[in-house]
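The values are calculated or read from the model by the stated rules, or taken from the named source; none is laboratory data. Because the structure is a prediction, the values reported are computed rather than measured. Here the Cβ positions follow ideal geometry from the backbone for every residue, glycine too, while neighbour counts run over all protein chains shown.
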Amino acid sequence: MSLRLRLALIFAASSLGTLLVASGFLYWSFQRETNLRNRRLLEARIQEVASILAHLPSDGNALEEEIAGEIPSALEPQVWLRVLEGRGPSQGLVVQTPGMAKRLPAASFSGQEKIRREKRYYLLREQASGNHLIQGGLDITEDERLIASYQRRLAYTLLLGATASALLGWWAARKGLRPLGAIAESTLGITPQRLSERLDPGTVPQELRDLVLALNAMLDRLDRAFDRLSRFSADLAHELRTPVTNLMGEAEVTLSKDRPAEDYRQVLESNMEEYQRLSRLISRMLFLARAEDPHTTLALVPIEASRLAGDVLAYFEAAAEEQGVSLRSEASGTFSGDAELLRQALANLISNALEATPPGGEIKVAIQSRDETTELSVIDTGRGIASEDMPHILDRFYRTQKSLDQGHPGTGLGLAIVQSIASLHGGQVTISSEEGKGTLVSMRIPL
């Protein structure tokens with residue numbers, strides 16, 4: 001069922017319900033007032049007869065004039081009156097309106113308030129007055145017909161009202177949903193080549209403004225994600241192209257003519273280096289893909305800071321000693337986190353620091369908890385990061401010009417992995433560096 005039809009039906013149902021309640025109340029009020037007026041009229045006439053019987057019991061002429069002299073009027077309802085004397089089988093007729101015996105015999109008054117005889121309706125009342133019994137009947141045929149006619153008109157009004165409400169609801173829904181159609185039409189025009197376009201919230205009603213703003217926010221996220229994906233694809237293609245090109249070039253040169261076994265061995269050893277580079281690249285890309293999965297869960301455990309720093313530094317101790325770089329730890333306290341991921345993050349930071357620190361330099365690992373956060377830092381006394389590289393240093397595959405010039409075998413994914421690990425823990429990475437004076441990389445995560 002379309003939204004337009006659903007709104008039209010809801011509008012028609014609500015209007016019909018309102019009309020039903022209003023019409024029912026009007027019908028009940030009209031019927032009640034009509035019946036009350038007729039009842040009062042009949043009771044008043046019976047009361048007049050009872051008054052005559054009470055004050056003038058021997059005045060038969062007054063009673064005859066009041067009852068038998070009743071003259072039907074076209075402007076007033078016809079009232080039929082009868083006075084009976086005595087009780088039981090010996091009850092006798094005193095006087096009655098002419099023709100009443102045929103229209104309303106005494107047996108008709110058997111506790112009924114309203115009867116129908118010969119296609120006419122009568123309201124009945126009985127009242128005892130001393131030794132007499134007064135019976136009164138009021139012809140309410142015209143009132144009943146009027147009530148029936150009013151009921152039919154109300155039914156027609158309800159039917160027409162419901163139909164008109166449905167049509168009006170359809171028209172209102174169509175007109176009200178027109179801005180949604182315009183939004184849909186504008187959205188259809190946004191393609192991957194035109195992700196920078198946005199919907200104008202000023203052209204839609206207030207109720208749809210939040211929807212337009214939400215769509216624009218979604219387009220912003222898609223634009224950023226698409227841009228990252230495009231840059232990532234280009235960077236990945238570039239990173240894969242270099243080792244693949246090297247492998248193909250070496251293979252072509254080697255196969256161009258017969259060579260001694262030692263040459264083939266050297267080619268295979270060179271290829272192994274490229275294979276290892278590809279393996280590292282693929283492993284890191286798989287890690288980043290898993291880290292960005294919103295369903296990734298962390299194995300949070302209590303971590304002793306000094307032990308974590310000591311384990312990581314022990315792994316790099318031999319490489320640092322060979323390079324002439326001293327390692328130092330300032331770690332204390334216990335915090336919660338994924339030990340394997342945090343160990344990998346620190347390893348990436350120390351590896352980068354070793355590449356940038358000359359012999360005689362120092363690398364320090366500091367871990368401390370304060371203000372409901374734990375800060376894991378790696379400080380080196382290396383060459384630092386140039387100011388023009390700082391805005392891009394956390395981008396994937398980004399490598400500084402100095403790293404490229406010096407031929408470091410990195411992939412440019414180390415800091416991106418550190419940032420992903422920090423994000424998984426709900427934290428962030430900050431970097432401060434001055435060229436020639438070292439670098440401080442801090443990863444802050446909540447306790």
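Do we have I385 as among the β-branched types (V, I, T), more than 40 Å from the chain's Cα centre (by Cα) and either crowded, with 18+ Cβ neighbours inside 10 Å or not assigned by TED's automatic domain parsing to the domain that holds L413 (or both) here? It is true that I385 is among the β-branched types (V, I, T), more than 40 Å from the chain's Cα centre (by Cα) and either crowded, with 18+ Cβ neighbours inside 10 Å or not assigned by TED's automatic domain parsing to the domain that holds L413 (or both). Residues in the range 18-34 that are free of Cβ contacts under 8 Å to residues at least 24 places away in the same chain and surrounded by 12 or more Cβ atoms within 10 Å (Cβ to Cβ) were compared, and the one that is farthest from T141 (Cα to Cα) is T18.
How many residues does the range 199-221 contain that are within 15 Å of G189 (Cβ to Cβ) and either free of Cβ contacts under 8 Å to residues at least 24 places away in the same chain or over 21 Å from the mean Cα position of the chain (by Cα) (or both)?
4
Given the condition in contact with a strand residue (DSSP E or B) (Cβ under 6 Å, 6 or more places away or on another chain) and either among the aromatic types (F, W, Y) or part of a helix (DSSP H, G or I) (or both), answer yes or no: does some residue in the range 140-154 qualify? Among the residues of the range 140-154, at least one is in contact with a strand residue (DSSP E or B) (Cβ under 6 Å, 6 or more places away or on another chain) and either among the aromatic types (F, W, Y) or part of a helix (DSSP H, G or I) (or both), which makes the answer yes. Does I140 qualify as being in contact with a Pro (Cβ under 7 Å, 6 or more places away or on another chain), at pLDDT 80 or above and either surrounded by fewer than 18 Cβ atoms within 10 Å (Cβ to Cβ) or more than 30 Å from A13 (Cα to Cα) (or both)? Against the criterion (in contact with a Pro (Cβ under 7 Å, 6 or more places away or on another chain), at pLDDT 80 or above and either surrounded by fewer than 18 Cβ atoms within 10 Å (Cβ to Cβ) or more than 30 Å from A13 (Cα to Cα) (or both)), I140 qualifies. Would you check if there is a residue in the range 278-292 being within 23 Å of V365 (Cβ to Cβ) and either without any contact (Cβ under 8 Å) to a residue 12 or more places away in the chain or among the hydroxyl-bearing types (S, T, Y) (or both)? There is no residue in the range 278-292 that is within 23 Å of V365 (Cβ to Cβ) and either without any contact (Cβ under 8 Å) to a residue 12 or more places away in the chain or among the hydroxyl-bearing types (S, T, Y) (or both).
Each row is one residue, and each column tells you yes or no for (1) modelled with pLDDT of 85 or more; (2) closer than 13 Å to A309 by Cα; (3) in contact with a helix residue (DSSP H, G or I) (Cβ under 6 Å, 6 or more places away or on another chain).
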{"position": "S329", "(1), (2), (3)": "yes, yes, yes"}
{"position": "E362", "(1), (2), (3)": "yes, no, no"}
{"position": "D380", "(1), (2), (3)": "yes, no, yes"}
{"position": "S387", "(1), (2), (3)": "no, no, no"}
{"position": "M390", "(1), (2), (3)": "no, no, no"}
{"position": "S403", "(1), (2), (3)": "no, no, no"}
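Is it true that E65 is modelled with pLDDT under 85, within 21 Å of A101 (Cα to Cα) and outside any strand (DSSP E or B)?
Spelling it out, E65 is indeed modelled with pLDDT under 85, within 21 Å of A101 (Cα to Cα) and outside any strand (DSSP E or B).
The single condition from (1) surrounded by 12 or more Cβ atoms within 10 Å (Cβ to Cβ); (2) within 30 Å of W28 (Cβ to Cβ) that A101 fails is (2). Which residues, counting only those in the range 183-202, are at pLDDT 75 or above, touching a helix residue (DSSP H, G or I) at 6+ places or on another chain (Cβ under 8 Å) and assigned to a helix (DSSP H, G or I)? Across the range 183-202, the qualifying residues are I183, T187, P201. For the range 315-346, name all the residues that are part of a helix (DSSP H, G or I), without any contact (Cβ under 8 Å) to a residue 40 or more places away in the chain and either surrounded by fewer than 18 Cβ atoms within 10 Å (Cβ to Cβ) or of a type in the set (D, E, K, R) (or both). Y315, E317, A318, A319, E321, E322, Q323, R343, listed by residue number. Evaluated against (1) loosely packed, with under 14 Cβ neighbours inside 10 Å; (2) at pLDDT below 75, V244 falls short on exactly one condition, (2).
Do you know which of the residues in the range 423-445 that are within 39 Å of the chain's Cα centre (by Cα) and free of Cβ contacts under 8 Å to residues at least 60 places away in the same chain is nearest to L298 (Cα to Cα)? Restricting to residues being within 39 Å of the chain's Cα centre (by Cα) and free of Cβ contacts under 8 Å to residues at least 60 places away in the same chain, the top hit is G426.
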